[in-house]
Amino acid sequence: MLECYFCHVRAEATKRLTSEQGRFFVDCGANPLTNLYADLQRLRKNLPTPPVSLGRQVFGGLSCLSAPPSKRLCVGAGFTAHRPLYRKWRNVQLLERTSYILSQAMGRQATQPTEEAVRRALTKEGWVNNTPSVQDVVRGWVAPRDPPTCSRSLIRSISEQSWRGLAVRDFGGEKGKGVVATCPMDKGDVVCDYHGTLISQAEGRRREDSIYRFYFQELCIDASSRCDCHPEVDTYGRFLNHSRKRPNLKPKRFDLTFPDGPRPVLVFFAMQNIKVGEELLWDYGMTRTSFGGEGKDLAWLDM
Ligand SMILES: C[S@@+](CC[C@H](N)C(=O)[O-])C[C@H]1O[C@@H](n2cnc3c(N)ncnc32)[C@H](O)[C@@H]1O
């Protein structure tokens with residue numbers, strides 16, 4: 001399906017642009033997509049037939065929803081008998097469904113889902129046949145590798161900025177906006193990423209001063225303005241305020257493999273259990289005496 005998107009939808013839509021201006025996933029009007037998952041679902045529904053070729057790629061583009069390959073497609077793909085291919089298709093669909101339900105039922109930390117969570121996710125889909133059993137889904141869980149470079153749910157949350165349990169609140173005064181928890185979080189939960197444009201540390205320093213820049217190692221994430229990938233979204237990371245004495249989040253770098261290639265990301269983890277309504281804070285790593293006392297009049301830096 002992605003092949004179909006790149007060959008037909010994107011190629012057509014971006015034909016008239018002189019520059020892609022950082023757009024990666026676009027709609028038919030070449031506007032950047034903010035919710036790739038919803039759009040892929042739409043594309044999937046509108047595909048007249050699932051793309052079929054040989055081998056495990058047979059069902060390239062197969063999804064939990066796609067229709068079985070027709071006899072004509074099977075013959076076209078070099079299979080003389082329709083039945084064995086159909087059985088294979090069902091097996092692949094079952095695997096796809098198992099992994100989809102797992103991704104829906106897993107906790108924020110990609111922990112093993114409970115039977116109850118799996119049952120809920122299955123009920124929501126309402127599949128009538130070729131449905132994985134609750135036990136098979138639970139057994140299909142594999143402990144995530146550390147670092148979770150391939151974690152589908154993490155990659156999806158970052159790509160779609162679909163973080164749950166967060167809200168931006170305006171505290172007023174010099175503090176301005178901040179982020180609060182709207183659902184309880186457990187120690188170790190992934191909360192959100194610091195989202196922005198990835199640039200070099202040197203480039204970050206060349207740009208005009210901004211409070212929305214996160215420097216780490218040789219890199220910098222610039223969140224001074226809304227990012228090209230989510231132009232309509234106020235991402236959460238940039239609104240997280242600082243606390244030196246009572247931080248409840250800790251940032252950590254991961255190198256994740258996105259569909260367009262690997263790239264480093266900064267992800268915030270809960271350092272402790274967090275209650276609903278609590279403000280989410282991390283230690284910017286600065287005090288009033290840092291940088292030769294540059295912030296000596298900023299009392300909040302030491303709090
Ligand atoms: C990355 S922004 C955080 C979001 C910001 N509060 C806003 O409204 O956009 C960093 C800036 O927020 C403010 N800030 C962060 N933590 C604070 C705190 N604990 N008390 C007061 N102001 C804070 C400072 O002005 C700082 O330069």
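The values are calculated or read from the model by the stated rules, or taken from the named source; none is laboratory data. Since we're looking at a predicted model, the values are computed, not measured. Virtual Cβ from ideal backbone geometry, glycine too; neighbours counted across all protein chains shown. Keep in mind that these areas ignore ligands, DNA and RNA; they rest on the heavy atoms of the full protein, side chains included. Shrake-Rupley method; radii C 1.70, N 1.55, O 1.52, S 1.80 Å.
Within region 237-249, residues that are closer than 16 Å to residue 194 by Cβ have Cβ atoms under 6 Å from residues that are near the ligand (Cβ under 6 Å from one of its atoms) and assigned to a loop (DSSP other than H, G, I, E, B) in these pairs: 238/212, counting only partners at least 6 apart in sequence or on another chain.
Residue-wise test of (1) basic (Lys, Arg); (2) more than 23 Å from residue 155 (Cα to Cα); (3) at pLDDT below 90.
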site: 249; (1), (2), (3): no, no, no
site: 257; (1), (2), (3): no, no, yes
site: 262; (1), (2), (3): no, no, yes
site: 265; (1), (2), (3): no, no, no
site: 268; (1), (2), (3): no, no, no
site: 278; (1), (2), (3): no, yes, no
site: 282; (1), (2), (3): no, no, no
site: 285; (1), (2), (3): no, yes, yes
site: 288; (1), (2), (3): yes, yes, yes
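Considering region 184-202, the residues that are open to solvent by 40 Å² or more (accessible area, probe 1.4 Å) and modelled with pLDDT of 90 or more include one that is nearest to residue 249 (Cα to Cα), namely 184.
Number of residues in region 210-253 that are more than 26 Å from residue 175 (Cα to Cα) and either among the polar types (S, T, N, Q) or crowded, with 20+ Cβ neighbours inside 10 Å (or both) equals 2. State the number of residues belonging to region 101-156 that are open to solvent by 30 Å² or more (accessible area, probe 1.4 Å), within 16 Å of the chain's Cα centre (by Cα) and at pLDDT 80 or above. Total satisfying the criteria: 4. With respect to residue 205, is the statement that it is more than 16 Å from the ligand (Cβ to nearest atom), closer than 21 Å to residue 286 by Cβ, modelled with pLDDT under 95 and part of a helix (DSSP H, G or I) true? Judged against the criteria, residue 205 is a match. Within region 165-183, the set of residues being open to solvent by 10 Å² or more (accessible area, probe 1.4 Å) and either near the ligand (Cβ under 9 Å from one of its atoms) or of a type outside the set (A, V, I, L, M, F, W, C) (or both) comprises 165, 168, 169, 170, 171, 172, 173, 174, 175, 176, 177, 182.
Per-residue answers, yes or no, for (1) under 22 Å from residue 285 (Cβ atoms); (2) among the charged types (D, E, K, R); (3) in the same structural domain as residue 259 (by TED's automatic domain parsing); (4) part of a strand (DSSP E or B):
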site	(1), (2), (3), (4)
135	no, no, no, no
159	no, no, yes, no
195	yes, no, yes, no
210	yes, no, yes, no
225	no, no, yes, no
228	no, yes, yes, no
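One residue stands out among those in region 252-278 that are in contact with a helix residue (DSSP H, G or I) (Cβ under 9 Å, 6 or more places away or on another chain) and in a strand (DSSP E or B): the one that is farthest from the ligand (Cβ to nearest atom), which is 257.
Each residue in region 209-236 was checked for being among the aliphatic types (A, V, I, L, M) and more than 23 Å from residue 181 (Cα to Cα), and 2 pass. Within region 208-221, the set of residues being more than 10 Å from the ligand (Cβ to nearest atom), under 18 Å from residue 242 (Cβ atoms) and not aromatic (Phe, Trp, Tyr) comprises 209, 220, 221.
Taking the criterion of being surrounded by fewer than 15 Cβ atoms within 10 Å (Cβ to Cβ) and either among the basic types (Lys, Arg) or within 16 Å of the ligand (Cβ to nearest atom) (or both), the residues of region 279-301 that qualify are 285, 290, 291, 294, 296, 297, 298, 299, 300.
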